[in-house]
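Remarks on the structure that follows.
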Amino acid sequence: MNKFPFSAVLLAAGSSSRMQGDLKQLLPLPTQAGEEPAVRVTARALLAAQPEEVVVVTGHRGREVMQALEELPVTFAPNPRHTQGQMTSVMAGLAALTAPCSAVMICLADLVMVQPEDYRELAQLFAQLPRDAILIPFHAGKRGNPVTFAASRVPEVLAGTINPGCRRLIEDHPADVVRHEFSHGRFCTDMDTPQDYQSIRAQMVNSAAA
């Protein structure tokens, strides 16, 4: 099967306001390489899926996030407006893309359960859809991430003025939205609270021990 050319914007600029003082991008998680920051776990999974390019958007404690990704082949896009909402980070990341590709995934730094084959499956699913499709993963009725859309849509997203970014794109083109139901919940398992972190950490410890 031919590899479908996609790029990824990895959002890692937020302040983790619900994490009670911790920055979720930097929380340590057990991997085969030892304890690694969450953002590195996610970035390595993305890179293993062989995208054309990964742009990491930084903001809050951006220098530390960049240090957590040392030696990985990613590009950084600082977002000085990150306190104004996630969509400013989406736009900063899209504006920094340079490699030719057919689709773009908007990925979250705390989706550490997603595996390389999951990203590849999303890319192959998108390759079979109409060119203007907007692909969103679901599990048990819950919306997940990443959102995937054609690279040709990037100028449209960057030109948004009200609720710019993916939300506006989805609202303006409901007929193009494809909601794909997955049998697993990895696309919906994020780390917003300390309880989420402890649950995910326990799952990863058990998986490593299996």
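The values are calculated or read from the model by the stated rules, or taken from the named source; none is laboratory data. Bear in mind the structure is a predicted one, so any value in this text is a computation, not a measurement. Note that each Cβ is placed from the backbone with ideal geometry, even for glycine, and that neighbours are counted across all protein chains shown. Heads up: the accessible areas ignore ligands, DNA and RNA and are worked out on the full protein's heavy atoms, side chains in. Shrake-Rupley method; radii C 1.70, N 1.55, O 1.52, S 1.80 Å.
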Listed peptides 89-99, 139-149 by packing density, highest first (mean Cβ within 10 Å): 89-99, 139-149
With label points set 7 Å from each Cα along the Cα-to-Cβ direction at residue 63 and residue 124, the distance between them in nm comes to 4.4 nm
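Calculate, in nm to one decimal, what residue 83 and residue 99 gain on full extension: separation in residues at 0.36 nm each, minus their alpha carbon distance.
Numbers: separation 16, 0.36 × 16 = 5.76 nm, distance 2.77 nm.
Going from the current span to full extension adds 3.0 nm.
Classify segment 170-210 from the C-alpha gyration tensor, please: rounded if a/c falls under 1.5, else prolate or oblate depending on whether a/b exceeds b/c.
Details: a/c = 6.18, a/b = 2.20, b/c = 2.81.
Oblate.
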Scalar couplings 3J(HN,Hα) for segment 26-31 by Karplus 6.51 cos²θ - 1.76 cosθ + 1.60 (θ = phi - 60°), nearest whole Hz, x for Gly and Pro, are 9, 5, x, 9, x, 9
Could you tell me how many degrees, from 0 to 90 and to the nearest 10, lie between the Cα long axis of helix 38-48 and the main elongation axis, the longest principal axis, of the Cα atoms of the chain? 50 degrees
Apply the Karplus curve 6.51 cos²θ - 1.76 cosθ + 1.60, θ = phi - 60°, to the phi angles in segment 189-202 and return the couplings in whole Hz, x for Gly and Pro. 9, 10, 10, 9, 10, x, 5, 4, 4, 5, 5, 5, 4, 4
Per-residue ³J(HN,Hα) for segment 106-115, Karplus 6.51 cos²θ - 1.76 cosθ + 1.60, θ = phi - 60°, Hz, x for Gly and Pro: 9, 9, 10, 5, 9, 8, 7, 7, 5, 9
Under a 5 Å amide H to amide H cut-off, with H placed in plane at 1.01 Å, what residues pair with residue 77 once short-range neighbours are removed? 56, 57, 58
Paramagnetic label zone (point 7 Å from Cα along Cα-to-C-beta, residue 175; backbone N under 17 Å) in segment 129-157: 130-135
Could you work out how far helix 116-127 tilts from the main Cα principal axis of the chain, as a 0 to 90 degree angle to the nearest 10? 10 degrees
To check you understand DSSP bridge types, tell me what percent of the beta bridges within the chain (both residues inside) are antiparallel, rounded to 5. 40 percent
Residue-normalised 222 nm signal for the chain, counting each DSSP H run of n ≥ 4 as -39,500 (n - 2.57), nearest 500 deg cm²/dmol, is -9500 deg cm²/dmol
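Can you give the accessible area per residue of segment 1-118, in Å², using a 1.4 Å probe? Before the final figure, lay out each step's value.
Details: 5280 Å² over 118 residues.
Value returned for segment 1-118: 45 Å² of accessible area per residue.
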